[in-house]
Amino acid sequence: MIRNHLHTAVATALLASVALVGCKKKEEPVVTSTPPATTEPAAPAPAPTPAPVATVTVTTVDLGPTVGADKKVASPTATFKPSDTINASVGTTTSDPATAVPAKLGAKWTFQDGQTVKEDTADVNFAGPGQTVFTISKPGGFPTGKYKLEVLLDGAVVQTRDFEVK
């Protein structure tokens, strides 16, 4: 009888286990999904373009024996007497009048054979329109002949003027 009870107990436990497994609700797998991308990722914003660098331009070069208070040649000419003082009034302007533009402005005076008579340079902070004057003179007077003035901006020739001493 003990054996019978043991079989019955084992059978009951087995039946209960089967019943529990059969009644157990089947778990549904958890599905995680990413919603589809509706737009492409935004492109990085373009770097701001730097402001253009202000530049200097030589606008005029006038030669004459006298210069006014405005640093302009009173009576432009290309012919001088040996005893004259020769002035070159160089007009300049900047691309941005509110920005100072440092540069080197120069004048190279040469005689007809290419001999350098005088060279001048000036460090200038240009801002808007302006005038710079270069001058040559010779106490004993200039030899007669043909001369040339080269105006240089940062070492590069930007304008030339031919003139004559008679």
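Laboratory data are not the source of any read-out in this text; all were calculated from the coordinates shown. Quick caveat, the model's predicted, so the values are computed rather than measured. Glycine also receives a Cβ, built like all others from the backbone with ideal geometry; neighbour counts cover every protein chain displayed.
Summary table
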read-out: Computed label-point distance, nm, for sites Ser95 and Asn125 using a 7 Å Cα→Cβ extension; value: 2.1 nm
read-out: Cα shape, segment 76-126, gyration tensor, a/c 1.5 rule; value: prolate
read-out: Cα-based shape type of segment 34-158, given that a ≥ b ≥ c are square roots of the gyration tensor eigenvalues and the cut on a/c is 1.5; value: prolate
read-out: Rounded if a/c under 1.5, otherwise prolate or oblate - segment 123-166, Cα gyration tensor axes; value: prolate
